[in-house]
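Take a look at the structure below.
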Amino acid sequence: MKPTLKVIHSTTFKKNTLVDSRHLGESQKHHLLAGGVYPILAVKYLGQQHYKVTFAEMIGSYNTWNVFAPHVQFEGVDVGDQAHQPSEGPLTLSQKGLDLIKFFEGLRTKPYYCTAGVLTVGYGSTGDHVVEGKRITVEEAERLLKRDLVRFERAVNKAVSAPLTQGQYDSAVSFAFNIGVGGFLGSKFLRHLNEGDMARAAYELRRKGPSATRVQMERDHFNGKDVQVLR
């Protein structure tokens, strides 16, 4: 079988993966619809879920393009892990993702007023169930966190159109939980995710992160690296 690349999700090939597609000249990008199959000569993994692919024929202005891995499928060539290929269908928060959020938020079993003046308990839970002076158990705090996270998981699944790896999904939920659903929906982070520009999305994690430690851990998990969390 001759090596080929099949476009499984409509995508944009780019000459520079670090630049937003909208800022590239017409000759520096090429949009392809799902279903196309193209003979290829070589594939090199670049990181951040992108490959440099040399095609057997010219596509647009070039025969070598940077390609977003989750939008394509290679046949007749071994490309290894394909950069942590994403799952099909809606994802749910992993245990590692939950552990990271718990680590980031910190646990307080006694209700307190946050910097915004809102009565809060557990891992940042707010609402009528929080009663001043009424402590909760560690188990209750985790149950409240899981309940609170459901709407953020739904928001990510509804808003993100690009396929995500588990680490990317976990980081998106954590990001939304940190800045709120409204902030997430209007963020550059979401826009870059839907453009398949994972390098830019990871950069936005750095811009919005409240601490250097949280930023590095979220970016590492987003990029598929093993992150150790004390539980």
Unique match (being at pLDDT 95 or above and out of contact with any helix residue (DSSP H, G or I) (no Cβ under 7 Å at 6 or more places or on another chain)) among Leu149, Leu144 = Leu144
If you check every pair at least six apart or on different chains, which have Cβ atoms under 9 Å apart with a residue in the range 134-155 that is closer than 19 Å to Lys96 by Cβ and free of Cβ contacts under 8 Å to residues at least 60 places away in the same chain first and a residue that is polar (S, T, N, Q) and assigned to a helix (DSSP H, G or I) second?
-> Phe152/Ser174
Can you name every residue in the range 19-59 that is at pLDDT 90 or above and hydroxyl-bearing (Ser, Thr, Tyr)?
-> Tyr38
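Which residue, of Glu140, Glu132, is of a type outside the set (Val, Ile, Thr), touching a strand residue (DSSP E or B) at 6+ places or on another chain (Cβ under 8 Å) and in a helix (DSSP H, G or I)? Reasoning before the result, please.
Values: Glu132 fails: in a helix (DSSP H, G or I).
Going through Glu140, Glu132 in turn, the sole match is Glu140.
Tell me the residue from Asp128, Asp170, Asp99 that is of a type in the set (Asp, Glu), under 18 Å from Gly224 (Cβ atoms) and either at pLDDT 95 or above or surrounded by fewer than 20 Cβ atoms within 10 Å (Cβ to Cβ) (or both), please. Write out each step before concluding.
Working: Asp128 fails: under 18 Å from Gly224 (Cβ atoms); Asp170 fails: either at pLDDT 95 or above or surrounded by fewer than 20 Cβ atoms within 10 Å (Cβ to Cβ) (or both).
Only one candidate qualifies: Asp99.
Among the residues of the range 20-33, which ones are touching a helix residue (DSSP H, G or I) at 6+ places or on another chain (Cβ under 8 Å) and either assigned by TED's automatic domain parsing to the domain that holds Asp197 or under 19 Å from Ala202 (Cα atoms) (or both)? Lay out the reasoning, then the answer.
The first filter runs over the range 20-33 and keeps only residues touching a helix residue (DSSP H, G or I) at 6+ places or on another chain (Cβ under 8 Å), leaving 20-21, 29.
Asp20, Ser21, listed by residue number.
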Confirm whether Thr115 is part of a loop (DSSP other than H, G, I, E, B) and closer than 25 Å to His221 by Cα.
-> no
Please indicate, with yes or no, whether at least one residue in the range 34-48 is outside the structural domain of Met198 (by TED's automatic domain parsing), over 25 Å from Asn223 (Cβ atoms), within 23 Å of the chain's Cα centre (by Cα) and not in a strand (DSSP E or B).
-> yes
Please state which of the following conditions Asn16 fails to meet, knowing it meets all the rest: (1) at pLDDT 85 or above; (2) of a type in the set (S, T, N, Q); (3) surrounded by fewer than 17 Cβ atoms within 10 Å (Cβ to Cβ).
-> (1)
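The values are calculated or read from the model by the stated rules, or taken from the named source; none is laboratory data. None of the values given here were measured: they were computed from a predicted structure. Every residue, glycine among them, receives a Cβ derived from its backbone with ideal geometry; neighbour counts consider all protein chains shown.
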